[in-house]
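Bear in mind these aren't lab numbers, they're just calculated from the coordinates by the rules spelled out. Computed from a predicted model, the values in this text were never measured in an experiment. Here the Cβ is made from the backbone with ideal geometry for all residues, glycine too, and neighbour counts use every protein chain on show.
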Ligand SMILES: Cc1cc2nc3c(=O)[nH]c(=O)nc-3n(C[C@H](O)[C@H](O)[C@H](O)COP(=O)(O)OP(=O)(O)OC[C@H]3O[C@@H](n4cnc5c(N)ncnc54)[C@H](O)[C@@H]3O)c2cc1C
């Protein structure tokens with residue numbers, strides 16, 4: 001393996017760096033919010049550290065609907081500011097990582113009897129485009145029944161009035177998070193997973209000046225000193241505020257959302273769909289490389305935040321919602337190939353239901369100086385981060401070498417980014433033509449480019465090295481793993497299977513087939529003893545059972 005700036009081989013040196021000197025900013029939490037703040041702070045010249053108790057993006061940031069969107073339904077709730085800001089951010093994040101934040105046309109079918117008539121949908125979509133600054137061909141179109149069915153023949157004809165057809169972006173949330181982390185590391189931030197912040201450290205005036213951490217891989221405790229500490233722990237924000245004895249006033253409302261994944265053959269949609277279900281809520285149906293996923297639910301959650309179950313009621317609700325639009329497509333629990341559940345860190349508003357609560361973000365600053373960032377969306381991470389770092393820069397006062405304004409609008413989230421969707425298509429074609437006789441299929445290549453952009457070339461270098469391996473799929477999965485170990489601080493099999501490659505949810509069959517090969521590769525690289533091998537194998541098998549919702553399927 002070659003050395004790189006962000007491989008597991010650098011872990012001990014990262015740990016040393018975290019313990020030496022005083023950081024300007026310490027960020028707790030390696031989801032999209034913490035990652036964004038680390039990038040913003042480091043790129044302004046602040047000495048930045050980030051710690052994540054589990055793996056990067058292991059919280060909500062790998063469990064969303066995976067859309068970079070302005071949130072059309074927030075328009076209905078008249079949250080104009082949220083729609084406008086996230087709408088503008090969509091375009092920026094797409095420009096920064098065009099392979100990973102991909103434009104797609106979303107269809108909103110209109111049926112007789114829905115609560116929102118077609119004219120109102122047309123007006124809403126027009127305003128949505130206006131607020132987000134959408135131009136040219138990307139602007140919404142209202143389609144009649146025939147045009148709608150020509151694009152999406154799966155839709156039932158009866159009572160169909162037409163559809164709204166408008167621009168949104170599809171992403172991979174965990175990959176977006178890791179790319180932001182890697183970019184922050186390039187800007188000299190020190191970011192480490194499996195390091196938990198246990199307690200805050202205070203000076204004699206009661207101001208926070210560091211954190212006491214526990215490294216779950218080396219099993220040791222250590223301190224990090226810092227001038228400002230940011231609590232970007234998502235659904236754990238209030239737990240941290242409680243630890244700082246500053247939980248008062250506004251607090252979080254945690255709601256759960258699940259998604260179900262089906263084989264594309266079972267649900268052969270051409271377009272992402274967004275539709276109203278009988279209880280007035282809106283549901284997404286998103287096709288993506290070989291599968292289609294459906295989501296989501298929105299229910300208040302008070303259980304274990306580290307183990308979020310998908311339960312029978314959630315599954316029943318989503319299947320019922322699906323059948324309200326597609327009564328003739330027989331989807332049953334046994335058709336579910338994978339499922340995931342995530343928790344939304346929302347700001348509680350008295351008298352509002354889970355679905356009605358605003359998705360806006362807020363910053364709380366405690367008397368001890370703890371800066372907590374709460375609420376928000378994946379889509380708005382860059383702007384949220386800018387706001388948090390603005391507060392730090394303002395508090396820090398005049399500093400010659402610290403930039404007052406955020407520069408992240410112009411920092412690509414990947415090396416050699418694509419300039420346009422057309423360039424992505426040409427790149428894929430050229431790469432395909434240049435591949436040797438043992439090439440993988442074109443669909444696989446497109447999937448890899450979506451996840452890794454031009455970094456796919458590094459994966460293909462590994463692929464060439466595994467020449468003696470006759471099984472092409474195994475050769476590819478091992479190559480992908482080697483790349484992620486070398487470049488993306490993968491420390492455990494689930495880091496790779498769930499968050500770097502998303503295979504656990506979207507290529508579950510490949511995980512079932514090759515997970516022992518993955519474990520063997522880990523064992524070889526990390527020199528695991530038998531006990532560690534057994535523990536990691538159990539962890540993967542347990543997670544596979546959860547993702548495949550085996551217990552629920554057995555009950556039906
Ligand atoms: C079902 C669902 C669908 C969604 N869909 C979308 C969507 O399509 N588009 C969109 O824009 N938004 C969406 N969202 C919202 C979006 O996913 C979240 O706003 C975002 O991911 C929150 O990121 P975060 O970094 O704040 O939290 P997290 O990703 O949860 O990160 C917090 C991190 O802090 C770590 N941590 C906690 N305590 C400690 C500690 N003591 N020490 C160190 N680390 C710690 C955790 O392990 C965790 O990784 C969705 C959310 C849900 C639940």
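Inter-label distance, residue 120 to residue 92: 3.3 nm, where each label sits 7 Å from its Cα along the C-beta direction. With each label modelled as a point 7 angstrom along the Cα→C-beta vector, the residue 139-residue 10 pair spans 4.6 nm.
Highest average first, the peptides 111-124, 306-319 ordered by how many other beta carbon atoms sit within 10 Å of their residues are 306-319, 111-124.
Where in the stretch 424-456 is the amide nitrogen less than 19 Å from a point lying 7 Å along the Cα-to-Cβ axis of residue 473? From the stretch 424-456, the list is 438-449. Mean residue ellipticity at 222 nm, helices only, the chain: -12000 deg cm²/dmol; runs of at least 4 DSSP H residues each add -39,500 (n - 2.57), and the sum is divided by the number of residues. Estimated at 0.36 nm per residue, the fully extended path between residue 329 and residue 304 surpasses their Cα-Cα distance by 5.5 nm. Within the chain, all pairs of alpha-carbon atoms sorted by distance into 10 Å bins from zero give the percentages 3, 17, 28, 28, 17, 5, 1, 0. Grab the beta carbon distance between residue 444 and residue 401, set R0 = 56 Å, and tell me the FRET efficiency rounded to 0.05. Computed FRET efficiency for residue 444 and residue 401 comes out at 0.75. Here the convex hull built on the C-alpha positions of the stretch 252-347 has a volume of 109 cubic angstrom per residue.
Antiparallel beta bridges, as assigned by DSSP with both residues in the chain, represent about 80 percent of the total such bridges.
Using r as the Cβ-Cβ distance of residue 434 and residue 203, and R0 as 51 Å, what FRET efficiency do you calculate, to the nearest 0.05? Between residue 434 and residue 203 the formula returns 0.30.
What the Cβ-Cβ distance of residue 220 and residue 279 gives, at R0 = 41 Å and to the nearest 0.05, is a FRET efficiency of 0.20.
Each label was represented as a point 7 Å from its Cα along the Cα-to-Cβ direction; for residue 554 and residue 81 these points are 5.0 nm apart.
DSSP assigns beta bridges within the stretch 7-165; of those with both partners inside it, close to 65 percent run antiparallel.
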